[in-house]
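Worksheet: one structure, shown below.
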Amino acid sequence: MRRIRVGTRGSTLALAQSTWLQEQLSRHDGTLEVELVVIKTSGDRFVDKAISAIGGKGVFTKEIEEALLRGEIDLAVHSMKDLPAELPAGLTIAAIPKREDARDVLVTREPGTLSKLPAGAKVGTGSLRRRAQILHHRADLSMVPIRGNVDTRLRKLDDGAVDALIMAAAGLKRIGRKERITEYLPDEICVSAVAQGALGIESREDGWALELVTYLHDAGTGVEIDAERSLLKRLGGGCDIPIGARARTETEQLKMIGVVASADGKAFCRGEITGSLSEAVALGRRLAEQLLKDGADRLLKLT
């Protein structure tokens with residue numbers, strides 16, 4: 001048996017994602033013994049602080065990537081949206097499996113919709129992007145910063161700390177909490193985060209494990225992620241800037257929407273672009289340029 005070590009965070013969602021990879025690899029190659037190695041990240045240690053206050057994008061991946069570079073693990077599983085636009089030298093994304101539902105959702109104690117929440121209702125989210133877009137849509141709501149893993153946030157909702165939550169559909173579905181979703185939010189209300197719903201399997205560029213996971217790569221998802229990350233890279237955005245992007249493959253076309261907002265949602269830039277799948281990276285960059293010309297450059301300077 002060959003042993004392969006997979007680095008992961010210890011949250012319920014992270015373990016669900018890494019266990020999925022463990023099962024896929026074990027079924028694909030019976031000679032593999034797949035070991036999960038739990039690594040605590042900065043984002044896990046400082047749950048009482050905003051992500052932007054403890055280092056922004058990368059707080060959920062830095063320690064895992066360092067272990068990968070030191071050879072303590074052979075692969076790492078990340079939520080792609082947690083990965084910075086630039087990877088550390090020596091590391092690469094070996095595979096991006098088929099994307100789960102990328103939408104944001106409303107979660108409430110009782111059935112309802114965002115439009116039916118009363119004025120002043122407390123809506124919890126730890127994301128500046130979600131906060132800005134929800135306030136742009138409904139400035140009469142009270143946005144409450146809330147962090148913690150999925151179950152922690154659901155418990156705070158059930159205990160009455162907030163009246164509603166804005167969360168990722170993918171996370172709820174992956175841990176078997178799909179029934180908690182009250183409403184799926186369309187792009188007109190909330191454009192998802194760059195790479196939301198996608199997993200990134202990371203390896204060393206010279207690592208023996210790299211080729212073991214390439215069969216899991218989904219070409220369509222990869223094209224979408226390339227476009228979205230290209231936009232983010234051109235804008236220079238991280239967790240401290242409200243940026244949303246969603247690319248969708250449709251036959252031979254790639255359609256993409258992007259938004260940049262002020263933290264209070266009052267200033268808002270939105271754009272769309274369509275092109276061929278083969279120019280995904282260029283499309284993301286062009287959409288970013290379009291947003292910058294439409295005023296996003298001023299918003300980025302305000303953050």
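The lysines within cross-link reach of Lys178, meaning a Cα-to-Cα straight distance under 25 Å and a gap of 8 or more places when in the same chain, are Lys81, Lys98, Lys116, Lys122, Lys156. If you filter segment 241-276 for trypsin sites (Lys or Arg not before Pro), then keep DSSP loop positions with at most 16 other Cβ within 10 Å, what is left? Those that pass, being in a loop and sparsely packed, are Lys266. Were the residues from Lys301 through Thr31 laid out at 0.36 nm apart, the gain over their Cα-Cα distance would be 91.9 nm. Among the GluC sites (Glu not before Pro) in segment 67-109, those placed in a DSSP loop whose Cβ has at most 10 other Cβ atoms within 10 Å are Glu86.
Here r is the Cβ-Cβ distance between Glu23 and Tyr184 and R0 is 25 Å; the resulting FRET efficiency, rounded to 0.05, is 0.35.
Computed extension gain for Ser115 through His217, at 0.36 nm per residue and net of the alpha carbon distance, reaches 32.9 nm. Sorted on the mean count of surrounding Cβ atoms within 10 Å across their residues, most packed first, peptides 162-173, 282-293 read 162-173, 282-293. Summed over qualifying helices (DSSP H, 4 residues or more, each -39500 (n - 2.57)) and divided by its residue number, the chain shows a 222 nm mean residue ellipticity of -8500 deg cm²/dmol. Summary of packing: across the peptides 143-150, 21-28, the per-residue average of other C-beta atoms within 10 Å ranks them, highest first, as 143-150, 21-28.
What separates the Cα centres of segment 279-303 and segment 213-234 is a distance of 19 Å.
Diffusion of segment 142-296 by Stokes-Einstein, at 25 °C in a medium of 0.890 mPa s and with Rh set to the Kirkwood radius over alpha-carbon pairs, works out to 141 µm²/s. Note on segment 70-146 and segment 6-32: Cα centroid distance 22 Å, given to the nearest whole angstrom.
Approximating the spin labels as points 7 Å out from Cα along Cα→Cβ, the Lys40-to-Thr92 distance works out to 3.4 nm. Taking each residue as 0.36 nm, the span from Glu272 to Glu250 lengthens on full extension beyond its C-alpha to C-alpha distance by 6.5 nm. Using the Karplus relation 6.51 cos²θ - 1.76 cosθ + 1.60 with θ = phi - 60°, the per-residue 3J(HN,Hα) values for segment 174-182 come to 5, 9, x, 10, 4, 5, 7, 6, 8 Hz, with x marking Gly and Pro.
Placing a label point 7 Å from the Cα of Asp206 along the Cα-to-Cβ direction, the residues of segment 85-108 whose backbone N falls under 13 Å of that point are 90-91. For segment 117-192, taking Cα atoms only, Rg and Dmax work out to 11.8, 32 Å respectively. Working from the Cα coordinates of segment 255-301, the gyration tensor eigenvalues give, after taking √(5λ), semi-axes of 22, 10, 7 Å in decreasing order.
Read-outs: derived from the displayed coordinates by stated rules, not from any lab. Computed from a predicted structure; not experimentally measured. Cβ sites come from the backbone with ideal geometry, for glycine too, and all protein chains shown count toward neighbours.
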